[in-house]
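Enquirer: Take this structure, written in structure tokens, and hold onto it; I'll ask about it next.
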Amino acid sequence: MEEIDKVVEEVEKVKKEWNEAYSKTQDHIKAIGEYGKSGRSKEDEKNSLARLNGIAQDGLSFLSSLDFNLDLLAPQLPTQQEVDSARKLLQSWKTLTQSLRQSLRNANLQAKANLRKAAQEERELLLGGGEESTVRRRNLQTKAGMTSAAESITESLRRTRQLMVQEVERNTSTLMTLDESTGVLKKAESEYKGHRSLLMRTRNLLSTMQRQDIIDRVILGVGFLLFSLAVLYVVSKRIGILTLQRKVTGAIKAGMVGQAVQRPQAVADDMNLHQVRVDHAPLQQQIHDEL
């Protein structure tokens, strides 16, 4: 709300300044149109035509700057009605400023005509005889010298002012360029910081991948070693079992051969024992019968 009130105050201030500048510029243009007329010699001495033109041009430039300010402030007004009113007022200001420019051109033409007419009257007076003509020539020479000197000083001041304006514009352009360069540098710095953080993350990822690669290699090496040991163990166990199997097979074969040799002897022993038993049986039977 406070900002809106400030905008309204600025608009009112611009309107007041524009009306004052318009009135003063009108007076200066009117003075240019009346420049060189009879009965205005004292005022012509104070305000030369070049000086009046410079003041009028400054007034027109000031009016244009006020037009620009109102054009910037109009969209910031609180209501649409005030915005439309400000834009209409701006359009009327532009029309009046253009009219002032045309009036200034007409006033300069009128001033030149007045100067030609005054010069014609001076020539006619100078060509006449008498003491009045002599005094008039002297006064004219003195006034012409003073006017020429004043116009020269005014023109020098105008050139100085123009150079100062150009220098201010160059400085403004330089400041704008510096601001743009500063913005570009800040943007480049932010992008550099972003790339730097990305590079740091990439470096960390690479370090992590390298550590993981080393861990994987160690795991693979340990796994291969364990696998080799398991294979050696299995092979060694397999070789031992085969050796044992061979030994058992040999032992079994050796046992079978021994049994084959001992079996006939056992059969013979059994037959002898049976014969003994057969021989003793009748004797026992005979003893039993006798008893």
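Enquirer: For the stretch 54-75, which residues satisfy the criterion of being over 36 Å from the mean Cα position of the chain (by Cα), of a type outside the set (Val, Ile, Thr) and open to solvent by 30 Å² or more (accessible area, probe 1.4 Å)? Explain how you work it out, then say what you get.
Expert: So the first thing to find is which residues in the stretch 54-75 are over 36 Å from the mean Cα position of the chain (by Cα), and the list is 54-63.
Still in the list and also of a type outside the set (Val, Ile, Thr): 54, 56-63.
Selection gives 57, 58, 61, 62.
Enquirer: Looking at (1) among the small types (Gly, Ala, Ser); (2) surrounded by 10 or more Cβ atoms within 10 Å (Cβ to Cβ); (3) modelled with pLDDT under 85, can you tell me which one residue 130 breaks?
Expert: Looking at each condition in turn, residue 130 falls short on (2).
Enquirer: Hey, another quick one. I'm trying to understand the selection: among the residues of the stretch 59-82, which are farther than 18 Å from residue 94 by Cβ and of a type in the set (D, E, K, R)?
Expert: 82
Enquirer: Could you grab the pairs with beta carbons closer than 9 Å, sequence gap of 6+ or different chains, first residue in the stretch 49-62 and part of a helix (DSSP H, G or I), second one aromatic (Phe, Trp, Tyr) and crowded, with 17+ Cβ neighbours inside 10 Å?
Expert: Short answer, once both residue conditions are applied: 49/35; 52/35; 59/22; 62/18.
Enquirer: If you check 88, 117, which single one turns out to be among the charged types (D, E, K, R) and modelled with pLDDT of 85 or more?
Expert: After applying the criteria, what remains is 88.
Enquirer: Something else about it: Considering the stretch 66-79 alone, what residues qualify as being within 14 Å of residue 15 (Cβ to Cβ) and among the polar types (S, T, N, Q)?
Expert: The answer is 69, and nothing else.
Enquirer: Within the set of pairs 6+ apart or on separate chains, which have a first residue in the stretch 152-177 that is of a type outside the set (Gly, Ala, Ser), a second that is open to solvent by 80 Å² or more (accessible area, probe 1.4 Å), and C-beta atoms under 8 Å apart?
Expert: Qualifying pairs under 8 Å: 154/51.
Enquirer: Do we find that residue 172 is over 30 Å from residue 55 (Cα atoms) and of a type in the set (S, T, N, Q) in this structure?
Expert: No: the conditions fail for residue 172.
Enquirer: Taking the stretch 76-101 only, how many residues are closer than 18 Å to residue 24 by Cβ, touching a residue at least 24 places away in the same chain (Cβ under 8 Å) and open to solvent by 50 Å² or more (accessible area, probe 1.4 Å)?
Expert: 2
The values are calculated or read from the model by the stated rules, or taken from the named source; none is laboratory data. Here the structure is a predicted model, which is why all the values come from computation and not from measurement. Neighbour counts run over all protein chains shown; Cβ positions are idealised from the backbone, glycine included. Heads up: the accessible areas ignore ligands, DNA and RNA and are worked out on the full protein's heavy atoms, side chains in. Shrake-Rupley method; radii C 1.70, N 1.55, O 1.52, S 1.80 Å.
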